[in-house]
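Below: the structure, in C-alpha cells.
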C-alpha cells in the first residue's frame, strides 16, 4: 500500500539517518516498510514490536504525521521551592 509521496519518503529516509531516538527510528521504519507493501505482522516481526504498536505508528503518521512518542515523563508535582529543599537526613 503506497501512501507516501516521493518527497515525503525521501524526507523520512533523511530524518532516519539523522535521528538519535531509537523509538522515532522504529516509527519511521514502520511507516516506510508499510509504504513498500510489507504486512503489519512482518513489520512487527522485523522491528521486534507488537502488531498493535505498528498499527498505532502507521495510523498516527497517516492522521497527523506524528513520529515522536509523547511519553516524555510526568509533569513536575512539587513547587520550585520544595524541589530545591535539601532532603532531611535520617540520623
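Each reported figure results from applying straightforward, stated rules to the coordinates on display, with no laboratory input. Everything quoted here is computed from the prediction, not taken from an experiment. Neighbour counts run over all protein chains shown; Cβ positions are idealised from the backbone, glycine included.
Points worth noting:
- Flag for residue 30 being closer than 15 Å to residue 65 by Cα and loosely packed, with under 10 Cβ neighbours inside 10 Å: no
- Scope the range 13-28; condition over 14 Å from residue 62 (Cα atoms) and part of a helix (DSSP H, G or I); matching residues: 13, 14, 15, 16, 17, 18, 22, 23, 24, 25, 26
- Leading residue by the ranking (surrounded by the fewest Cβ atoms within 10 Å (Cβ to Cβ)) among those in the range 33-51 that are in a loop (DSSP other than H, G, I, E, B) and more than 16 Å from the chain's Cα centre (by Cα): 37
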